[in-house]
Amino acid sequence: MVCAVIAIVTISCKKGDQTYHDALKQSFTSYDGSAMDYLKAQTGVYDSLLVLVDRIPGLQDSLTNKKITFFSITNKSFETAIKSLNRDRAFENKPPLYLRDLDVSVLDTMVYKYVISGTYLTTDISSQSNGVDFSGLKYEYPMHVDYQLLNASGYVGAGEQQLLFSDTNNSTISSNWVSTTTQTLNIKTKNGIIHVLSPGHIFGFNQFSSKFNQ
């Protein structure tokens, strides 16, 4: 009986170890085009982001020609931000605003928080126990990225990998940061790496409404 229990435990541990090592393989997807090409090819996913590409001078060039890591923002993140802004504006009897109405200089500083100078796969981040400090491409705004393994099948840290992407609010104290997670990682394009943010992320890191409801 004791031997049987030991055998079961041993098999379980091996299974857990294999799951852990599988997660650490950190594979990537290659796309034969620029980061900008990739975004355009994802029909119905990045329509709001492409509005900003049309409005913000130089953004298309950054996503096409610069060596970057882009934490990409899907439609849902913009939709949530706009809804929150217009709820606040309705409360103050102000008319609604949409992406095409907003101050392009403010949108510019917001979107470039997501565009990091240099190319970084998860392998470049997972080796750093305290995460990595990054600078935004255009304004050198300080951002921070941590690597995480989620739990799975009853094993701590044996599940899927994700990145925790944080706006530091110009603070070295992590309790002052606003963070979000990724849903897809390591999309390797000709000029950079794309990590797709979770749809629960609100574009602007909770500053969108306060910036535009002046």
For this session: Could you check, for the stretch 90-111, whether at least one of its residues is acidic (Asp, Glu), over 19 Å from HIS195 (Cβ atoms) and buried (at least 16 other Cβ atoms within 10 Å of the Cβ)?
Result: yes
Exercise. Any chance the stretch 54-62 includes a residue that's surrounded by fewer than 20 Cβ atoms within 10 Å (Cβ to Cβ) and small (Gly, Ala, Ser)?
Worked result: yes
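Hey, which of the helices (runs of 4 or more DSSP H) in the stretch 27-80, taking only ones fully inside, have at least 2 residues that are under 20 Å from LEU121 (Cβ atoms)?
The qualifying helices (runs of 4 or more DSSP H) are 35-41, 59-65.
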Problem set entry | Answer residue from the stretch 96-111, given it is outside any helix (DSSP H, G or I) and in contact (Cβ under 8 Å) with a residue 40 or more places away in the chain and is nearest to ASN86 (Cα to Cα) among those | LEU97
Exercise. When you go through PHE205, PHE165 one by one, which is the residue that is of a type in the set (Phe, Trp, Tyr), assigned to a loop (DSSP other than H, G, I, E, B) and either crowded, with 16+ Cβ neighbours inside 10 Å or in contact with a Lys or Arg (Cβ under 6 Å, 6 or more places away or on another chain) (or both)?
Worked result: PHE205
Exercise. Does any residue of the stretch 142-160 turn out to be part of a loop (DSSP other than H, G, I, E, B), in contact with a helix residue (DSSP H, G or I) (Cβ under 7 Å, 6 or more places away or on another chain), modelled with pLDDT of 95 or more and not hydroxyl-bearing (Ser, Thr, Tyr)?
Worked result: no
Problem set entry | Whichever residue in the stretch 116-136 is farther than 13 Å from ILE193 by Cβ, assigned to a loop (DSSP other than H, G, I, E, B) and not hydroxyl-bearing (Ser, Thr, Tyr) and, among such residues, is modelled with the highest pLDDT | GLY131
Exercise. Somewhere in the stretch 175-198, is a residue assigned to a helix (DSSP H, G or I), surrounded by 14 or more Cβ atoms within 10 Å (Cβ to Cβ) and on the phi < 0 side of the Ramachandran plot?
Worked result: no
For this session: Can you give me the number of residues within the stretch 104-141 that are at positive phi and either in contact with a Gly (Cβ under 9 Å, 6 or more places away or on another chain) or of a type in the set (A, V, I, L, M) (or both)?
Result: 1
For this session: Return the residue satisfying two criteria in turn: it lies in the stretch 79-98 and is over 21 Å from LEU164 (Cβ atoms) and hydrophobic (A, V, I, L, M, F, W, C), and of such residues it is nearest to the chain's Cα centre (by Cα).
Result: ILE82
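The values are calculated or read from the model by the stated rules, or taken from the named source; none is laboratory data. What you see is a predicted model; the values in this text were computed from it and never measured. Backbone-built Cβ (ideal geometry, glycine too); neighbour counts: all protein chains shown.
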